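Read through the structure below, which is laid out as structure tokens, and then see the notes.
No lab work stands behind these numbers, since they all come straight from the coordinates. Note that the structure is predicted; figures quoted are calculated from it, not measured. Here the Cβ positions follow ideal geometry from the backbone for every residue, glycine too, while neighbour counts run over all protein chains shown.
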């Protein structure tokens, strides 16, 4: 890929959030085509946010392993395999695809064990969070969901942690993931209106607000620094529709890349 540029984020909300995060890209339409952010890049942004969290008793004790789980939690898809187009020929944003590949889900959760039981536990909890609403669709899917709950219980026992401690760690995981998605999906509301991110490991609700100068703040402030900047890389397509996945793939491989930045200020 070529043409790397700097880009300071000032986007507006144009997408919605869903728990179905199995596709490989976030696709935001712009005036000339599409802004595409790969899910692995979104996960890296979530890990950057996690790394800024203040050091206190509410932060997961195994913070490095937790950040590793966050940074790898969207490694499910192989970017150039499968269908990534809507019937209209536009890039398939993850919020529009409701298909679930059980084989891939099982393989992904099994592979996460090679990073250690703590990472595997958080990834498994994430799979439960994303997919419990689909319980009852098939006996095979129910078996997969039951396996996740059984594995989580076993790993908690082996790691000698309570269910509450595991949930606190996952709340941290999910809060960073959700905050990254809000930024990547251009969901920040206008007019300094607060948008709920979720519940942190301390049980506290956290909101994000865009300030008058285009920066962002989180209330209450959960980070160790008074100000910091995070970023994600995005590809920019100068085309709205594509005739095939091959055409989309080729366009993405030569698309210019811009670095989107957000500065967080207390």
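Each label was represented as a point 7 Å from its Cα along the Cα-to-Cβ direction; for residue 223 and residue 249 these points are 3.8 nm apart.
Neighbour counts of C-beta atoms inside 10 Å place 73, 30, 39 in the sequence 30, 39, 73, starting with the fewest. Computing FRET efficiency as 1/(1 + (r/R0)^6) for residue 110 and residue 212, where r is the C-beta to C-beta distance and R0 is 41 Å, gives about 0.30. Inter-part distance, region 226-241 to region 167-201, computed on C-alpha centroids, equals 18 Å. Note on 56, 177: ascending count of other Cβ atoms within 10 Å places them as 56, 177, the fewest first. Cut-off 14 Å, label point 7 angstrom out along Cα-to-Cβ of residue 61: give me the residues of region 124-167 whose amide nitrogen falls inside. Backbone N within reach: 156-167. The fewest-to-most ranking of 114, 38 by surrounding Cβ atoms within 10 Å reads 114, 38. Here the simple spin-label model places points 7 Å from the Cα toward Cβ, and for residue 85 and residue 165 these points are separated by 5.1 nm.
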